[in-house]
Amino acid sequence: MLRANELRRSLHSLILRLSDCRPLFPPHRRLFCAIPTPPPISTPESEIRKYIGYTVLLLGCGAATYYSFPFPENAKHKKAQIFNYAPLPQDLHSISNWSGTHEVQTRTFIQPESLSELEAVVEKCNGEKQKIRPVGSGLSPNGIGLTRSGMINLALMDRVLEVDEKTKRVRVEAGIRVQQLVDAIKEYGLTLENFASIREQQIAGIVQVGAHGTGPKLPPIDEQVISLKLVTPAKGTIEVSKEKNPQLFHLARCGLGGLGVVAEVTLQCVDRHQLVEHTYVSNMMEIKRNHKKLLSENKHIKYLYIPYTDAVVVVTCNPLSKWRGPPKNEPKFTEEEALQHVEELYRESLRKYRKNNSSSMASEENKPLSFTELRDHLIALDPLNKDHIVKINEAEAEFWRKSEGYRVGWSDEILGFDCGGQQWVSETCFPAGTLSNPSMKDLEYVENLLELIEKNDVPSPAPIEQRWTGRSRSVMSPAYSSSTDDIFSWVGIIMYLPTMDPRGRKRITEEFFHYRWLTQKQLWDDFSAYEHWAKVEIPKEKDELTWLQTRLRKKFPVDEYNRARKELDPNNILSNSILGKLFPMHE
């Protein structure tokens, strides 16, 4: 109390002294009001007054800033900018891809409900030169469909229009999702010939980016397309097929959304069938001995490599035999027993990394988690620590050894794959010889990749997924070939994003792009490997972009593609920065 009174008296004394301002110059020479030097005071009192002054000044500035520049509630997600806190407009749409690695805000996000409405929108936007980039379900890791200038989405155009049971052909609106389509044609005894890992893509999107399933005897998914109906800015609605304008058809099947808005797709389907999935763990030496046989004898096949271990998970799928019936082999371990080693590592890691947070540890230990959830949680504890990742990979190898066995189900159920949580992915496609004579370059590629990982101490999680397809006749497909017997291998590398912390995601992103850069420099040219269109990332450096553009011209008919773009979309309303940088239009 006494100390407070002394502070008040000192402050009052200071104010009186400051107000006692006397002129030091004659009136005609007076420039300002000078403050005379106060008489000496004790050091403690001087220090107190100084800090009081600082405090008053700081509080005043803070209050002025707060009341002059309020921070609206609906703008809190914006990046901080000095004195720039304007709220987002109500009509601004925020669109992100599935992994949250690419996001844009746009005022133009159109969802037509019919072909006539789509045609009217395209005509109007073309006249106004308003961009409407086609965007599907937003699953592409590189956000190839995104642009802030404007987008069009066909999610409301998702009907099955026609089913021809005799020819096994189905005509659908382009916005229908894969699983929705498969469910709709079950009653006709039909299904799609091949599938990607997930089923949430819109049918136009999965075709336009050249997506694929697995099976050296089966082509990528675009080969299932019999005809396309395109709504183009310059020529209106056109239909292309092998019979109607075959050159444009083979260009537009994998057209990256740059030649027209795909409105309808006619697909060649197959009889609905069950598959027997066989999962077992092998190693590279055994794989080399049996590789040609595995490719030739299995309808669907993939390898899952686990870095820093010798484990290679082999997954084969073949039609269920009417004569043999389902396999009689019972699994050696239950699902709980298969997860046991992973759960033990999780509990051990929680104790190591969260010593001061026992309550959180207990709640997470008691929560039942799937294998991919456990892996995400484990990686999140220390995502860039190579030794930690090695332990997780070893636990994953043990999980697969205890998960060996058979599974029977419908093809659309069996061919799916739980890819885990949000992630960065780079996937390349390269020739692997012919079905009758595989080149073995596919295994050489992976051997070099695993060696690169270990040599550079890359904290690479599992799996490195390797699949195969036959050739595609779509000229913009990474698996394009004019030879019927050619096969292609697809290899994907991955880093998970198991945290929403911006700094953590940034560090993982930087490490992933270094990882990807190593594969690009040491593998791509030697194996004629090209990235999946949904996973190409645009280089920031001008020299690297020039290198990429030059390289794409060696593989793809870029000039033909650009001529078609200019003819069908002269105002470039269907393009975005990715297409513009990959395929620059030169006058």
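Taking the conditions (1) within 30 Å of M500 (Cβ to Cβ); (2) open to solvent by 30 Å² or more (accessible area, probe 1.4 Å); (3) in contact (Cβ under 8 Å) with a residue 60 or more places away in the chain in turn, N142 satisfies each one other than (2). Is there a residue in the stretch 159-167 that is in a helix (DSSP H, G or I) and over 26 Å from the mean Cα position of the chain (by Cα)? No, the stretch 159-167 has no match at all. Among residues of the stretch 87-129 being under 15 Å from A155 (Cα atoms) and among the acidic types (D, E), the one that is most open to solvent (accessible area, probe 1.4 Å) is E113. Say whether the condition of being in a strand (DSSP E or B) and either over 23 Å from A380 (Cβ atoms) or in contact with a strand residue (DSSP E or B) (Cβ under 6 Å, 6 or more places away or on another chain) (or both) is met by at least one residue in the stretch 471-479. For the stretch 471-479, residues in a strand (DSSP E or B) and either over 23 Å from A380 (Cβ atoms) or in contact with a strand residue (DSSP E or B) (Cβ under 6 Å, 6 or more places away or on another chain) (or both): present.
Taking the criterion of being in contact (Cβ under 8 Å) with a residue 60 or more places away in the chain and out of contact with any Ser or Thr (no Cβ under 9 Å at 6 or more places or on another chain), would at least one residue in the stretch 482-495 satisfy it? Please lay out each step first, then the result.
If we filter the stretch 482-495 for residues that are in contact (Cβ under 8 Å) with a residue 60 or more places away in the chain, which is where we start, we get 487, 489-495.
Checking the rest, the ones that are also out of contact with any Ser or Thr (no Cβ under 9 Å at 6 or more places or on another chain) come to none.
No, the stretch 482-495 has no match at all.
Rundown of residues vs (1) modelled with pLDDT of 95 or more; (2) assigned by the TED database to the domain that holds A196; (3) part of a helix (DSSP H, G or I), yes/no style:
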| residue | (1), (2), (3) |
| --- | --- |
| T237 | yes, yes, no |
| L248 | yes, yes, yes |
| L256 | yes, yes, no |
| T266 | yes, yes, no |
| K288 | yes, no, yes |
| K293 | yes, no, yes |
| S296 | yes, no, yes |
| L304 | yes, no, no |
| P307 | yes, no, no |
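Quick grid of which residues meet (1) of a type in the set (V, I, T); (2) in a helix (DSSP H, G or I); (3) open to solvent by 20 Å² or more (accessible area, probe 1.4 Å); (4) touching a His at 6+ places or on another chain (Cβ under 7 Å):
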{"site": "I494", "(1), (2), (3), (4)": "yes, no, no, no"}
{"site": "F512", "(1), (2), (3), (4)": "no, yes, no, no"}
{"site": "L523", "(1), (2), (3), (4)": "no, yes, no, no"}
{"site": "P539", "(1), (2), (3), (4)": "no, no, yes, no"}
{"site": "E544", "(1), (2), (3), (4)": "no, yes, yes, no"}
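Residue count for the stretch 219-235 satisfying the condition of being assigned to a loop (DSSP other than H, G, I, E, B) and open to solvent by 10 Å² or more (accessible area, probe 1.4 Å): 4.
The values are calculated or read from the model by the stated rules, or taken from the named source; none is laboratory data. The model shown is predicted, which means the values in this text are computed figures rather than measured ones. Neighbour counts run over all protein chains shown; Cβ positions are idealised from the backbone, glycine included. The accessibility values were calculated without ligands, DNA or RNA, using every heavy atom of the protein model including side chains. Shrake-Rupley method; radii C 1.70, N 1.55, O 1.52, S 1.80 Å.
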